[in-house]
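A short reminder: the numbers here are calculations on the coordinates, not readings from a lab. Just so we're clear, the structure is a prediction, and the values are computed from it rather than from any experiment. As a convention, Cβ positions derive from the backbone with ideal geometry for all residues, glycine included, and neighbour counts pool all protein chains shown.
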Amino acid sequence: MASIAFAFPLLPGKADAGRRFAAEVLGPRRREWEESERRLGITRENWYLQPSPNGDMVIVYFEASDPAQSLGAFSQSQAPFDLWFKQQVQDLCGVDMNQPPAGPPPEAFFEWSAS
């Protein structure tokens, strides 16, 4: 399993909306979320809200057998839940997830595991 992480700037004043979005995904829309994750080949995903002097950031970490393929499939997906999810991300972060990430993927320059 491979992993990848991204940091997205949260638009000013959107931290509470981000918390509500996470609660909706893990609450009433959880079944849709899990179906999407399975379809995209994602086996683990964590979100972190990181305050910083430059504004709040959302850090997303996920694992998949091929993270680049999962991201590409998500950006192209027209599934109703995925479209709703991408709209929420755009409203919170200003990031258009319908477009594949520009530039190289994040560089993992430190990894450690007890296993």
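Laid out as a table, the results:
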| item | result |
| --- | --- |
| Search result, residues across the stretch 3-18 that are within 18 Å of P101 (Cα to Cα) and not in a strand (DSSP E or B) | L10 |
| Filter result (touching a helix residue (DSSP H, G or I) at 6+ places or on another chain (Cβ under 7 Å) and touching a residue at least 60 places away in the same chain (Cβ under 8 Å)) within the stretch 93-104 | V95, P101 |
| Some residue of the stretch 83-92 being within 12 Å of the chain's Cα centre (by Cα), assigned to a strand (DSSP E or B) and without any contact (Cβ under 8 Å) to a residue 24 or more places away in the chain | no |
| Top-ranked residue of the stretch 1-18 - restricted to ones that are over 14 Å from the mean Cα position of the chain (by Cα) and closer than 18 Å to D91 by Cα, ranked as surrounded by the most Cβ atoms within 10 Å (Cβ to Cβ) | K14 |
| Residue check for A64: under 25 Å from P106 (Cα atoms), surrounded by 14 or more Cβ atoms within 10 Å (Cβ to Cβ) and under 15 Å from the mean Cα position of the chain (by Cα) | yes |
| Residue match in the stretch 19-39 (condition: assigned to a strand (DSSP E or B), of a type outside the set (D, E) and farther than 16 Å from C93 by Cβ) | no |
| Unmet requirement for P105, which otherwise passes all of (1) out of contact with any Leu (no Cβ under 9 Å at 6 or more places or on another chain); (2) on the phi < 0 side of the Ramachandran plot | (1) |
| Flag if L49 is within 17 Å of F8 (Cα to Cα), in contact (Cβ under 8 Å) with a residue 12 or more places away in the chain, surrounded by 15 or more Cβ atoms within 10 Å (Cβ to Cβ) and not β-branched (V, I, T) | no |
| Odd one out for A102 among (1) part of a loop (DSSP other than H, G, I, E, B); (2) small (G, A, S); (3) surrounded by 12 or more Cβ atoms within 10 Å (Cβ to Cβ) | (3) |
| Pair list, Cβ under 8 Å, 6 or more apart: the stretch 60-78 residue more than 17 Å from D96 (Cα to Cα), other residue assigned to a helix (DSSP H, G or I) | F62/S70; A64/L40; A64/S70 |
